[in-house]
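The values are calculated or read from the model by the stated rules, or taken from the named source; none is laboratory data. Because the structure is a prediction, the values reported are computed rather than measured. We place every Cβ from the backbone using ideal geometry, glycine too, and count neighbours over all the protein chains shown.
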Amino acid sequence: MIRNYLRSALRNIKRHPFISFINIFGLTVGLTCCLLILAYIINERSYDKFNKNSNDIYRVTRTFYTAPGVENLHLSSVAPPFGPLLQTAFSDIKKITRVLPTGTTALKYKDKLFNEKGAAFADENFFTFFNVPIVKGDSKRGLSDPYSIMLSEAMAKKYFGDEDPLNKGIRLDNNGHDFKVTGVYQSFPANSHMHPEILMSFNTLKDNAIYGEKGLQGDFGNNSFYTFLLFPKDYNVARVSGQLPDFLDKYVHLQGMPGNLKTHQVTKLSLQKLTDIHLRSHLDDEYEENGDINRVYIFSAIALFILLIACINYMNLSTARSVLRAKEIGIRKVIGAERKEIITQFLSESVLITFMALVLAAILTAIVIPFVNNMSAQHLSIQGLLQRNVLLPILLLPFFIGIISGIYPAVFMSSFLPVKVLKGIVKAGGDAYRLGWYHICIATVY
């Protein structure tokens, strides 16, 4: 039965190629826009999820108050002692890691001098938090020794060309210290909230000439250190968050604080999920510029609106050309076709047209995405649409759109009365229309 419906639908498409082209073209354009927006939404929501433990990693943020309850500043980085102190105070925290961006950093190799903006100091366990593939070297030992440095593939190529960079020396030009290259890693994915291209050992900061161990242990004023905590899988982080005020009162004593105020009334620590940083964090010192969840909601609404317009356009065109198929419907009813069979036939045709439009839309999306990326500086990929949890709903889309957009024309056309139709009068919903060249021309134009 389904095969007969599809055969009839294909025959009708061939019989009216111009009208079918308009229907398919309208749906293709609408679906292409929707697929592009969907690729954007998937990309925005994928940030930092490439990390193995992304759901269990949290960033520590710090808020300052000018008066109790009056927020003055909310930073996404904190002072260096907070990480080790939190791990000491809360035994459930598995690991901590810290990252200190260095701003513009002058680096020198032989006679080459570069000013780099993507350099940072990082704890030796950095790569257990952020799962970036290591090309050369050891991810566990690469940042353990002071004055060791790891480069992204792009940086290694920039400094050393085709030479093997391991064990080569790079000088930090502003203080004359030499760093030994201990590893090369792939650049961070585009969907990461940070993209350090040069990582220097955090243990280097213990040198008094650079920062000093005393400052790392007791300086609560320099809030430049991005600090990340790793919790056990599915851990109730609210338990730790609720104890942070008491933690501050116990471990942190700020100079110049009025004697009647406790530390947690002057400053506050919060825990922010890693995967929430890109879309839901707009603090005063973000590592890089983030996206916005409201933008995702707006584009989602736009996609649904475009899809709705495409469906309405299809309904209008199908209804307008109904007079061209009135006699076909009348004859089918005369030979015994029931109304539900006619409705099923038209819905099958609608689903088939929508499926053809979806195939064309997928091809067009793959062609257009590179141009969209060039114009918008985005990193959209057709691969995001091929994920199992995304691809299945897309493949079911023709059935949903086909039924929604085809149900009214199907019900409308199946209501034609055979006697009136064969006499040249279309009767539906109590209104009669004389079949003639005028109506056929109008239907053809639509």
Query raised in the report: Counting only residues that are more than 14 Å from SER224 (Cα to Cα) and either outside any strand (DSSP E or B) or of a type outside the set (D, E, K, R) (or both), how many does region 69-81 have?
Result: 3
Report summary line: Exactly one of PRO84, PRO165 is part of a loop (DSSP other than H, G, I, E, B) and assigned by TED's automatic domain parsing to the domain that holds ASN222, and that residue is PRO165
Query raised in the report: Does GLU124 satisfy the condition of being without any contact (Cβ under 8 Å) to a residue 60 or more places away in the chain, crowded, with 16+ Cβ neighbours inside 10 Å and charged (D, E, K, R)?
Result: no
Report task. Filter region 87-107 down to residues that are part of a strand (DSSP E or B) and among the β-branched types (Val, Ile, Thr) and give me whichever is farthest from ASP56 (Cα to Cα). Result -> THR105
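Scan region 108-124 for residues that are touching a strand residue (DSSP E or B) at 6+ places or on another chain (Cβ under 9 Å), more than 13 Å from MET150 (Cβ to Cβ) and either at pLDDT 95 or above or not polar (S, T, N, Q) (or both) and report the count.
Taking region 108-124 as the starting set, the residues that turn out to be touching a strand residue (DSSP E or B) at 6+ places or on another chain (Cβ under 9 Å) are 108-109, 113-124.
Applying the additional criterion that residues be more than 13 Å from MET150 (Cβ to Cβ) yields 108-109, 113-117.
Now drop any that are not either at pLDDT 95 or above or not polar (S, T, N, Q) (or both), which leaves 108-109, 113-114, 116-117.
Residues meeting the conditions: 6.
Quick one: would you say ARG45 is closer than 27 Å to ILE394 by Cβ and not hydroxyl-bearing (Ser, Thr, Tyr)?
yes
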Query raised in the report: Scanning region 181-195 for residues that are of a type outside the set (A, V, I, L, M, F, W, C) and part of a strand (DSSP E or B), which turns out nearest to ILE42 (Cα to Cα)?
Result: TYR185
Query - Odd one out for LEU75 among (1) under 28 Å from the mean Cα position of the chain (by Cα); (2) buried (at least 21 other Cβ atoms within 10 Å of the Cβ); (3) at pLDDT 95 or above; (4) hydrophobic (A, V, I, L, M, F, W, C) - result: (2)
Query - Selection status of THR97, within 30 Å of LYS233 (Cβ to Cβ), without any contact (Cβ under 8 Å) to a residue 24 or more places away in the chain, in the same structural domain as ASN167 (by TED's automatic domain parsing) and β-branched (Val, Ile, Thr) - result: no
Report task. Kindly state which helices (runs of 4 or more DSSP H) lie completely within region 196-267 and contain at least 1 residues that are under 35 Å from the mean Cα position of the chain (by Cα). Result -> 238-241, 244-251
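I'd like to verify a number: residues in region 371-389 that are within 17 Å of the chain's Cα centre (by Cα), assigned to a helix (DSSP H, G or I) and surrounded by fewer than 14 Cβ atoms within 10 Å (Cβ to Cβ), how many? Give the steps one after another, and end with the answer.
Our first condition is that a residue be within 17 Å of the chain's Cα centre (by Cα); within region 371-389, this holds for 372-373, 376-389.
The next check asks that each one be assigned to a helix (DSSP H, G or I); those that pass are 372-373, 376, 382-386, 388-389.
Retained after the next criterion (residues that are surrounded by fewer than 14 Cβ atoms within 10 Å (Cβ to Cβ)): 376, 383, 386, 388-389.
Residues meeting the conditions: 5.
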Report task. With the condition kept exactly as written, say whether any residue in region 103-119 is buried (at least 17 other Cβ atoms within 10 Å of the Cβ) and within 21 Å of LEU216 (Cβ to Cβ). Result -> yes
Requested in this report: Check ASP178 against each of (1) loosely packed, with under 14 Cβ neighbours inside 10 Å; (2) in a loop (DSSP other than H, G, I, E, B); (3) touching a strand residue (DSSP E or B) at 6+ places or on another chain (Cβ under 8 Å) and name the one condition it does not meet.
Outcome: (2)
Query - Selection from region 150-184 of residues that are out of contact with any helix residue (DSSP H, G or I) (no Cβ under 9 Å at 6 or more places or on another chain) and of a type in the set (Val, Ile, Thr) - result: THR182
